[in-house]
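Student: Can you read through this structure? Questions will come right after.
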Amino acid sequence: MDIKNLLVTGGCGFIGSNFIAYLLAGGHFNGKIINCDKLTYAGNPANLDAINNKFPDRYVFQKVDICDGDLIRELFDRYEIDAVCHFAAESHVDRSIKRPESFIQTNIMGTFNLLEAARAHADRFQLFHHVSTDEVYGSLGATGYFTEETPYRPNSPYSASKAASDHLVRAYHETYGLPTTISNCSNNYGPFQFPEKLIPLIILNAMEGKALPVYGDGRNVRDWLYVEDHCEAIWSIMQKGKRSETYNIGGNSEMENIRIVEMICDIVDEIHPAADGAACRKLITYVKDRPGHDRRYAIDFSKLQKDLGWKPKETFGTGLRKTVEWYLENGNWVEQIRSGDYQKWIEEHYGS
């Protein structure tokens, strides 16, 4: 496969920006990347300033909402898009519980617009890769793992909207012959993650001596995947994966939420101790559980390992330490994200 013009949707977000950096700075891709992002609260074009400066002829940013079908079609025409890696999504479970409408629009209708634009250029189109989540499978008990054959049982508006988009992508291959692949990943963590998510929220609160909120009894289990490992897995699927197939991507790092918080506390105490010497674990605060909170996710990624030879490089311990150190060293990025002027700055530079 010789991709010339790759459209990355949601490329200013956490995983998308890491993926673009992995491809260009890592020397894994020789074509042009067109980054299409609406720039919601979680999208930050500054994540890719270094890429923009180093690869001005091979990196293009376009502020576009994937829900706008006309603009998406225009992008495909103007840049002769021949492949898509689709990250753009509303992705926070709590937000989906409070405001599900935007999740339905972006995650379902936005994906539909992209698929239609790809189908309209079937003569040159090489691959539509859809990035999804293990949350589409629902919740596990104390044992067992999600496989690619696990039935879908989404339990939140977020996971239901992602399940619907997965089905659309599969249907466009079966109905129209569009070349597609799908990946369902476990929880990501690493640099540039928006501070509403568990790991960066706990890191930043711990650094500032604030309460460390833990839902319920803290015993909910997730499998954790370092973002650079995820990027490598996606590119491996895009390069070598069988068309129409789904691949699970996991980090082989099952962990209870409370244990993650305790590990972060210990690292912060070591490298950024409180002025009064107080232990960070004293800040842990149990809060009311979220509605429909899935108890356990665990990914079986043996298909990806067997068929494509991928496995994660980072353990949870090494990846978590790298992540804590990154947030400690990038206070300016954090302050920009948290600033009340951030959206104003986006509108001034990129339009409302």
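Student: Collect the residues in segment 96-109 that are assigned to a helix (DSSP H, G or I) and either crowded, with 24+ Cβ neighbours inside 10 Å or without any contact (Cβ under 8 Å) to a residue 40 or more places away in the chain (or both), keeping them in residue-number order.
Tutor: Correct list: Lys98, Glu101, Ser102, Phe103, Gln105, Asn107.
Student: Could you check segment 210-229 and list, in sequence order, the residues that are outside any loop (DSSP other than H, G, I, E, B) and either touching a Pro at 6+ places or on another chain (Cβ under 6 Å) or not acidic (Asp, Glu) (or both)?
Tutor: If the condition is that a residue be outside any loop (DSSP other than H, G, I, E, B) and either touching a Pro at 6+ places or on another chain (Cβ under 6 Å) or not acidic (Asp, Glu) (or both), then Leu212, Pro213, Val214, Tyr215, Val221, Arg222, Trp224, Leu225, Tyr226, Val227, Asp229 are the ones that fit.
Student: Output the number of residues of segment 195-217 satisfying the condition of being over 17 Å from Asp134 (Cβ atoms) and either aliphatic (A, V, I, L, M) or crowded, with 18+ Cβ neighbours inside 10 Å (or both).
Tutor: The number of residues fulfilling the criteria is 11.
Student: In the list Phe61, Phe55, Phe14, which residue meets the criterion of being at negative phi, of a type outside the set (Gly, Ala, Ser) and either surrounded by 24 or more Cβ atoms within 10 Å (Cβ to Cβ) or under 15 Å from the mean Cα position of the chain (by Cα) (or both)?
Tutor: One residue alone meets the criteria, Phe14.
Student: Oh, and also: Would you please name the residue that is surrounded by the fewest Cβ atoms within 10 Å (Cβ to Cβ), looking only at residues in segment 310-339 that are basic (Lys, Arg) and part of a helix (DSSP H, G or I)?
Tutor: This residue is Arg338.
Student: Then there is this: If I filter segment 286-294 for residues that are in contact (Cβ under 8 Å) with a residue 40 or more places away in the chain, outside any helix (DSSP H, G or I) and among the small types (Gly, Ala, Ser), do I get at least one hit?
Tutor: yes
Student: When the residues of segment 17-40 are narrowed to those that are surrounded by 17 or more Cβ atoms within 10 Å (Cβ to Cβ) and among the polar types (S, T, N, Q), which ends up nearest to His230 (Cα to Cα)?
Tutor: Asn18
Student: From the list Ala142, Ala164, exactly one residue is of a type in the set (A, V, I, L, M), surrounded by fewer than 17 Cβ atoms within 10 Å (Cβ to Cβ) and not in a strand (DSSP E or B). Which is it?
Tutor: None of the others qualify; the one that does is Ala142.
Student: Give me the pairs: first residue in segment 251-269 and on the phi > 0 side of the Ramachandran plot, second residue of a type in the set (Val, Ile, Thr), beta-carbon distance under 9 Å, and six or more apart or on different chains, which are they?
Tutor: As it stands, the answer is Asn252/Ile299; Asn252/Thr315, since those pairs meet every condition given.
Student: Does Ser244 meet the test of being touching a residue at least 60 places away in the same chain (Cβ under 8 Å), surrounded by fewer than 22 Cβ atoms within 10 Å (Cβ to Cβ) and of a type outside the set (D, E, K, R)?
Tutor: In short, yes.
Student: Given Met207, Met238, which one is under 27 Å from Asp49 (Cβ atoms), modelled with pLDDT under 95 and not in a loop (DSSP other than H, G, I, E, B)?
Tutor: Met207
Student: Additional query: Out of the residues in segment 301-338 that are of a type in the set (A, V, I, L, M, F, W, C) and closer than 24 Å to Leu201 by Cα, which is modelled with the lowest pLDDT?
Tutor: Restricting to residues being of a type in the set (A, V, I, L, M, F, W, C) and closer than 24 Å to Leu201 by Cα, the top hit is Ile337.
Student: Something else: Filter segment 41-52 for residues that are within 21 Å of Ile104 (Cα to Cα) and surrounded by fewer than 18 Cβ atoms within 10 Å (Cβ to Cβ) and give the result.
Tutor: Listed by number, the list holds a single entry, Tyr41.
Student: If you don't mind, another one. Would you be able to say whether some residue in segment 22-30 is within 15 Å of the chain's Cα centre (by Cα) and closer than 24 Å to Ser339 by Cα?
Tutor: The answer is no; no qualifying residue exists.
Student: Collect the residues in segment 167-204 that are assigned to a helix (DSSP H, G or I) and either under 21 Å from Ser17 (Cβ atoms) or touching a Leu at 6+ places or on another chain (Cβ under 8 Å) (or both), keeping them in residue-number order.
Tutor: Leu168, Val169, Tyr172, Leu198, Ile199, Pro200, Leu201, Ile202, Ile203, Leu204
Student: Could you list all residues from segment 122-139 that are among the charged types (D, E, K, R) and either under 17 Å from the mean Cα position of the chain (by Cα) or surrounded by 17 or more Cβ atoms within 10 Å (Cβ to Cβ) (or both)?
Tutor: Residues satisfying the conditions are Asp134, Glu135.
Student: Here is a follow-up. Which residues, counting only those in segment 42-64, are closer than 18 Å to Asn330 by Cβ and touching a residue at least 12 places away in the same chain (Cβ under 8 Å)?
Tutor: Scanning segment 42-64 gives Ala42, Gly43, Asn44, Pro45, Ala46, Asn47, Leu48, Ala50, Ile51.
Student: Given the options His28, His86, His121, name the one that is touching a Ser or Thr at 6+ places or on another chain (Cβ under 7 Å) and within 18 Å of Ile3 (Cα to Cα).
Tutor: After applying the criteria, what remains is His86.
The values are calculated or read from the model by the stated rules, or taken from the named source; none is laboratory data. Since the structure is predicted, the reported quantities are computational estimates derived from the model, not experimental observations. Cβ sites come from the backbone with ideal geometry, for glycine too, and all protein chains shown count toward neighbours.
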